[in-house]
Structure formats: C-alpha cells, structure tokens
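Asks: Here it is: the structure, laid out below.
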Amino acid sequence: MPICPKCLHEFHPGAELACPHCGLSLQTLDKKYGNKNIPFSRVTDETGVLRLREQEKLNAFLAKLERKIPPVRLAVYFPDIQVPQQRAEQMFWAFNHFVIERPSFTKDKQAIIEPEWLFVFGLDVRSDAVWFMWGYALDPYVNLHDMNRMLNKSLLTLREADAQQAVIGIMRKAVRLLRQQVRLVLKNPDKHGIDMVITTPHTENKNVMPRQPETEAES
Amino acid sequence: MIRPLLISLLCGSLSAAESQQAPSHAELPMLQWSKKDQKALMNGTWWDKSPSLLPEPETTPSEQVPVEHLPIIVNDDDAAVVPSVPEETSYVHEYFLPDYLRNVRGLIDPQRLLSETETNDVQELINAIKTHYGINLYVSIFAGGQRVPPMVNAPAIARQIFNANERNLLLHFHVGDLSAMQIVLDPGLDARLGNNGRRDLLYQIKQEAARFDNPQDVLLTAMAALVQRTQADLNVPVTQPITVLQSSAPVVPEVDIEIEQEEAEEKHSFSQTLKMWIGQLSQHVVMITGVVIAIVILPVSYMFYRNKRTLRLLPSVPDKRLGAPHGAAQSATIIYRK
C-alpha cells in the first residue's frame, strides 16, 4: 500500500493525483516550492559535508555497488532543508524535479538514466535525519519494513562514523536487502506485478504491448 | 646284515651250550648291557672282553650267549631258543624304551630293526638334511604292527629329543607298515601349518612313500618328502637355519591328532577400536583432506558466487500516484542524533 509522504497514511493505489487524506500532490507542492529543476548527480552535496575527494570516492563506490543490481542507479543526496518538519514533502517534490547529470552516473553518452530506477539515500545534516527514496520501478523490490529496520540498526554508525563511511556502510546494507528482495520477487514475478514482456528500454522484446496498469482497468 | 648273523650266532651258541652242561641261572654273573657292549658285540670283540662268562675253557666265545637281560622264549619242543627282541614285534620291550628317549644322532633304532647299511644310509640322509636345510630330523623305527607304549609314542619322543631353539621333525616309522607312520613337528612349524596342514603333510608323505615296496626306500622317501614338503609349505629360506623359534615358551610338540580347540572370539575394547579406526584413517590422509577441503570450499564458493553475481531487475508496472512522474516512495525518516 502507498504511503503519503506528508501525512504517512496509507492510501489505495488509484490515487493518482492527490492523497485522499491530506490532499498532497505534486501540483500543490509546485505552487509551494516552485516548478524548477534540481540538478542531480550521483553524489549531490548541497550542504558541503563532503570534500571533493570523498565525493569521488563515494561516487566510485556507488558505481561499483550498483553493478550488482542493474539497472538500478544508486545515489546520495545531502539536501539543504530549512524547515525540517516539511522534509518529507520537500524530498517528494525534489525527487520529481531531479534533472540527472548523466556523466556522474556513467561515461556512456548513449546511456539513458531513468529517474524511475533511482535509489537515493538522503542525509540531512541540519536535522541529523536519514531516509531512502526511490522511483516507481523499484517499488516491488524494496521492502519498506526491512529498510526502516536497517536504518534503525545503523544509528550507531551514523553517530560515530563520518558521513562518507556511514553512507558506504548503509548503502552496502541497503543493496544487500535489495538483492534479497529481488531474489524473492524474481521467483514469482507475477505475484509482485512484474511483467516479463513489458516493452521498456531495458527489454529487447519490442513487439509485445505493455500491460495496462490495474488502476486504469479498475477505473 | 647284522641281524641274521647275530641270530645264527646266538642260535648256534645256544644249541652248543645246551648240548653241554650249561650253568644254572644262579651261577651266571649279573650283566650290565650298554651301548658299549652292543658296539663291542657288533665288532666281534665282546666275547674277548667278557671271558668270565665262558662256562668252559674249551668252549668258543661264539657259543656263549648273554641270557641274563635278553628275554628268551623257550618252546615246548626245545627246537629253537630265539631272543625275543628282534623277532617279537607285537610290543616294544621295556629294555629298549630308554634308548628311544636318549638320542642325539637322529636315527632312533634301539631295536636294531635296520641293517647296518640301512642305518648308515638313513644317518647320512639325516646329516645331509641337517646340513642343507638346517633341520634336525629324527627317525624313530618300530617294527610293523608293533604296539608302541605311551612312554615312547611320537609326542613323548619328540618332547624329549627336540631342541628348543632349532627346527625339529620326527618321523615315526613302522617298518613295513606305512599306514602307522606319524610325524611330529616342532611348535613353530605346527603353529604355522595347523592341524589341517599337518594332516595334509602326512598324507602327502604317505602317498609319495607308497610308491615303493622296499621298507628302506619307503623310509628314505618319507624322510626326504617330509623335509621337502615342510620347506615348500612354509617357504622358509633353505640356506638359513632358523635359530630362534620360541625362546621362552616350552617345547611342546604336537602330533597329527585332531584336537578341537574353541576359537576365542576377539574382543576389542573401545580404545582398541578407536585406535584401529585412527590407524585406518591415517592411511587415507590425502583423501580425507580432499573431502574436507571440498566440503569447506563448495559452500564458500557458492556463497561467493551468490553474492557477487549480478541480479538484473525486471521492470514493473509503475504505480503512479500523487501526480508524481518519477516516484513517490520514501522510507521512514530516522533521526540519528538528538
């Protein structure tokens, strides 16, 4: 069940435009934060926590780590959040306004970086908060309960290690959880809404029409 | 050769003495018959060494007979007076019993059942066997069908004459009666051959000796067969005599008598069983090490492959919500420092 980033209420899958509980939608947030693009690289540090060398090292680590789970793109985001109470809705808004800088992810000029495959670890150094956010394509592969538990267990690492080491440790654990869930999902893909013949840039069978979402069928 | 001469000599002397007036038994001196006397008798000098036995100065020594210790059977018709030892074959006279147990040469024939030539041949063969095979071969001679008292049966003789630290064989031979032949092996040989082996050895010797009719040929063949087959069965080096068989155990020879011995079951304690297993496992150290390495390496390799291999995610149907084009999912926000 989807969860609203603002009110944390679960809502039915058919709520395409707004949250049935709080009325949150991207359009309302656009009016609040503006309809501007946010440049986004693999390591986006808006607060200046990491040095350049640390950024490069973290970038290389994430590039190596994401090879285990293609086509997922791993990224780290250090946002500059002025109002911590609005962090969740602000990150929801930012995620949908990311303009991905391809060179930071890959040197292949022909490669297409799709935001739906982004798996971003956010760290707010002002309010000492961490969280994960991901695109639609990763919804079946992320076990929300396991991710929250893993973050809770990483509190000590976050408190005692520096930011780079903490991010490396947490991302390694997150990828391990992702792989576990991927194995489970791929054993029974139909149960998790995985269509083997959907035409996407990552599949080669272009003659098969994509399956229509269940929400559309119900509506 | 000696036996007929002795018989004729004794018969002639007895008949001559009977024709004259023989002294009574009370008048004759007590004789002590020994091997020395026997040897002197064989050489023809015994009469000269015993002049007191002559009843008359005119009588020749050949007409006198030492009758004190030789049993004499007197028939009713007074036709023949014959010493019982050479002729009587139904039993072994007690006079000869000690000589069966006192032997150092190999041939045990106190009854003089073999002629001198036969004795020499047998003794030469015994010496040759001792020289070439390192085996002390003893041959005890009895008359055919002669009843052997227990005192001088085969195991009793072997018990007395076998040397403790040497390899010994005894051939119990009845002249003209091959079926009564027995063999005795020293404890070492007997233990290696066992009861069945010993019986088979005796059977083969009898089979080989049965080809001949002459008692001397039978005896020599049996002797040779006993030694050769013993060597063949035991596969003992020919030129090296066995010097020590059982130094501490007493020499108890055995004959071909079937003795039922219950085979005691081998009882192994746990420590012995464990040691046996360890000994067997130590012979396969390489194989066990390989198995252990395989047991360790295979799971480790599988885990390594499982963690390193690439998992390609399949695209799913996007559940677009809240008007967001790319994604609207977030985990819980964790505050790590208060």
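The values are calculated or read from the model by the stated rules, or taken from the named source; none is laboratory data. What you see is a predicted model; the values in this text were computed from it and never measured. FYI the Cβ positions are ideal-geometry reconstructions off the backbone, even for glycines, and counts take in every protein chain you see.
Asks: Please note which helices (runs of 4 or more DSSP H) are completely contained in segment A:48-114 and include at least 2 residues that are away from every other protein chain (no Cβ under 14 Å) and crowded, with 21+ Cβ neighbours inside 10 Å.
Replies: A:52-65
Asks: Every residue in segment A:142-158 that is within 21 Å of A:F61 (Cβ to Cβ) and either assigned to a helix (DSSP H, G or I) or out of contact with any Lys or Arg (no Cβ under 9 Å at 6 or more places or on another chain) (or both), please.
Replies: A:V142, A:M147, A:M150, A:L151, A:K153, A:L156, A:T157, A:L158
Asks: While we're here: Can you pull out the residues in segment A:143-161 that are facing chain B (nearest Cβ under 7 Å) and touching a helix residue (DSSP H, G or I) at 6+ places or on another chain (Cβ under 9 Å)?
Replies: Across segment A:143-161, the qualifying residues are A:M147, A:L151, A:L158, A:R159.
Asks: Is segment B:115-122 home to any residue that is crowded, with 17+ Cβ neighbours inside 10 Å, of a type in the set (S, T, Y) and touching a helix residue (DSSP H, G or I) at 6+ places or on another chain (Cβ under 6 Å)?
Replies: No, segment B:115-122 contains no residue that is crowded, with 17+ Cβ neighbours inside 10 Å, of a type in the set (S, T, Y) and touching a helix residue (DSSP H, G or I) at 6+ places or on another chain (Cβ under 6 Å).
Asks: Could you tell me whether B:A324 is surrounded by fewer than 20 Cβ atoms within 10 Å (Cβ to Cβ), of a type in the set (G, A, S) and within 19 Å of A:C7 (Cβ to Cβ)?
Replies: no
Asks: Of the numbered conditions (1) in contact with a Lys or Arg (Cβ under 8 Å, 6 or more places away or on another chain); (2) more than 10 Å from chain B (Cβ to nearest Cβ); (3) not in a helix (DSSP H, G or I), A:Q164 satisfies every one except a single condition; which is it?
Replies: All conditions pass for A:Q164, except number (3).
Asks: Kindly provide the set of residues from segment A:1-33 that are facing chain B (nearest Cβ under 10 Å), under 13 Å from A:A94 (Cα atoms) and of a type outside the set (S, T, Y), ordered by number.
Replies: A:P5, A:L26, A:Q27, A:L29, A:D30
Asks: For segment A:140-174, enumerate the residues that are among the β-branched types (V, I, T), over 12 Å from the mean Cα position of the chain (by Cα) and modelled with pLDDT of 90 or more.
Replies: A:V167, A:I168, A:I170 - these are the residues of segment A:140-174 that are among the β-branched types (V, I, T), over 12 Å from the mean Cα position of the chain (by Cα) and modelled with pLDDT of 90 or more.
Asks: With respect to A:A137, is the statement that it is at the interface with another protein chain (Cβ under 7 Å from one of its Cβ atoms), hydrophobic (A, V, I, L, M, F, W, C) and within 16 Å of the chain's Cα centre (by Cα) true?
Replies: For A:A137, the condition - at the interface with another protein chain (Cβ under 7 Å from one of its Cβ atoms), hydrophobic (A, V, I, L, M, F, W, C) and within 16 Å of the chain's Cα centre (by Cα) - is met.
Asks: Under 9 Å by Cβ, and 6 or more places apart or on different chains, what pairs join a residue from segment B:77-102 that is acidic (D, E) with one that is modelled with pLDDT under 55 and buried (at least 16 other Cβ atoms within 10 Å of the Cβ)?
Replies: Listed pairs, sorted by first residue: B:E88/B:V82.
Asks: Also, I was wondering about something else. Only one of (1) at pLDDT 85 or above; (2) surrounded by fewer than 21 Cβ atoms within 10 Å (Cβ to Cβ); (3) closer than 16 Å to B:R102 by Cβ fails for B:M151. Which number is that?
Replies: For B:M151, the failing item is (1).
Asks: I'm told A:V125 meets every condition in (1) more than 13 Å from the chain's Cα centre (by Cα); (2) within 25 Å of B:P318 (Cα to Cα); (3) within 14 Å of chain B (Cβ to nearest Cβ); (4) surrounded by fewer than 22 Cβ atoms within 10 Å (Cβ to Cβ) except one. Can you identify the failing condition by its number?
Replies: All conditions are met except number (2).
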